[in-house]
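Only one structure is covered here, and it is reproduced in the block below.
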Amino acid sequence: MAEHPAYPVGLRLTGRRVVVLGGGQVAQRRLPALIAAGADILLVSPAATPSVEAMADAGEITWERRPYAEGDLADAWYALIATSDHEANTRASTEAERHRVWCVRSDDANAATAWTPATGHSEGVTVAILTTDTKSRDPRHTAAIRDAVVEGLRDGTLVAPHHRTRTPGVALVGGGPGDPDLITVRGRRLLAEADVVIADRLGPRDLLAELPPHVEVIDAAKIPYGRYMAQEAINNALIEHAKQGKSVVRLKGGDPFVFGRGMEEAQALAEAGIPCTVVPGISSSISVPGAAGIPVTHRGVAHEFTVVSGHVAPDDERSLVDWPSLAKLTGTLVILMGVDKIGKIAETLVAHGKPADTPVALVQEGTTAAQRRVDATLATVAETVREQEVKPPAVIVIGEVVNVGPQTSA
């Protein structure tokens, strides 16, 4: 029987009894998938790892704290045998054979009636890899193949066309701070499946070069505005392309809802009856300082951080920021879109009590090959920006965390 390859099948275990013998590391790895499958799980083991015990405490499994006993598998549909007692495992697998229960054994795969494939998941698809050569089973090789397939599906390098009609709509995708590797897995996959991509200047541009030739890429900064404001023109472009039955990705820098006007676009799409998916992105407010070696919080230094838009000067009547209150905070202040206003911002903070020697760091083109960091203080930052010719996009960090480095102890 061992000469023939295993027959692959998907078990539907919802509400069906599954018995797991042993509460160690094997059970800890396998139980989450069984729980997700909706199985009625009985764990039989004198002891368990803290993670397995937590599953029992949460009511996800039933745990009987004892060794295996004859009859435990009588009503099971599926069994996982993973105790450290080889003799008990042999008796249990014999019982499973007698009751025609599919049984996996962690200590002797060749004595089992079922094997657990290396599995992974990608957007509603489960990838399961089994070795067909029963004489040279190599779990690491199988897992490596699984990882390669799942990664390809997730990042769009392995594209499987949809043969059923896709629902047209718009995905608001946060592209992250600039490095193309920092977009989320879901964001990269949606890009690979898009018909139209409307991209911001601050979106990860390198990703656009990877798109197939048939994808229409539109620079949001170059959409003809006509009688509309820029944002209205972008909203209209999203709606028009989606109404043509296309899958549209709105690729934005950072996160769509952090100074990205993502909600304005979502509202416009909702009013037009267009389905909209929001894919969060890594915000530059945290990631860019981190890439430059600056933690926005640090034990004993900063217990909070505040993110502020600096595109409107403190003395501008349109400003919604309470700068006097910010000057009194002891934590970290992160300013986005504030390079050209930093002089006035620093002056205002100092005027309302922030020490003039408070450290400031400006991180330009963060996470990209052109990244550079320029340090100053509130007293010197305006002149430093001029002398060093700091240009947008740059994230400004104000606070003692600027001086925290790898050599600093907590």
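The values are calculated or read from the model by the stated rules, or taken from the named source; none is laboratory data. Just so we're clear, the structure is a prediction, and the values are computed from it rather than from any experiment. Neighbour counts run over all protein chains shown; Cβ positions are idealised from the backbone, glycine included.
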Point to revise | Number of the exception - Ala346 against (1) over 13 Å from Pro289 (Cβ atoms); (2) part of a loop (DSSP other than H, G, I, E, B); (3) small (Gly, Ala, Ser) | key: (2)
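Using the structure shown, decide if Pro359 is more than 30 Å from Val185 (Cα to Cα) and modelled with pLDDT of 95 or more.
Details: more than 30 Å from Val185 (Cα to Cα): yes; modelled with pLDDT of 95 or more: yes.
Yes; evaluated as a whole, the condition is true for this residue.
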Point to revise | Unique residue being in contact (Cβ under 8 Å) with a residue 60 or more places away in the chain, touching a strand residue (DSSP E or B) at 6+ places or on another chain (Cβ under 7 Å) and either of a type in the set (S, T, N, Q) or surrounded by 15 or more Cβ atoms within 10 Å (Cβ to Cβ) (or both) when the list is Val44, Val26, Val18 | key: Val18
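Could you list, in sequence order, all residues of the stretch 381-404 that are assigned to a loop (DSSP other than H, G, I, E, B) and in contact with a helix residue (DSSP H, G or I) (Cβ under 9 Å, 6 or more places away or on another chain)?
Val390, Lys391, Pro392, Pro393 - these are the residues of the stretch 381-404 that are assigned to a loop (DSSP other than H, G, I, E, B) and in contact with a helix residue (DSSP H, G or I) (Cβ under 9 Å, 6 or more places away or on another chain).
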Study note, to complete from the structure: Taking the stretch 282-318 and keeping residues more than 30 Å from Val185 (Cα to Cα), loosely packed, with under 15 Cβ neighbours inside 10 Å and out of contact with any Ser or Thr (no Cβ under 9 Å at 6 or more places or on another chain) leaves Arg299, Gly300, Asp316, Glu317, Arg318
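For the structure I just gave you, tell me whether Ile274 is at pLDDT 95 or above and part of a loop (DSSP other than H, G, I, E, B).
Numbers: at pLDDT 95 or above: yes; part of a loop (DSSP other than H, G, I, E, B): yes.
Yes, satisfied.
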Check your understanding: Any residue in the stretch 220-241 that is closer than 28 Å to Arg154 by Cβ, in contact with a Gly (Cβ under 9 Å, 6 or more places away or on another chain) and either surrounded by fewer than 19 Cβ atoms within 10 Å (Cβ to Cβ) or β-branched (Val, Ile, Thr) (or both)?
Key -> no
Check your understanding: Quick one: would you say Thr368 is surrounded by fewer than 20 Cβ atoms within 10 Å (Cβ to Cβ) and touching a residue at least 60 places away in the same chain (Cβ under 8 Å)?
Key -> yes
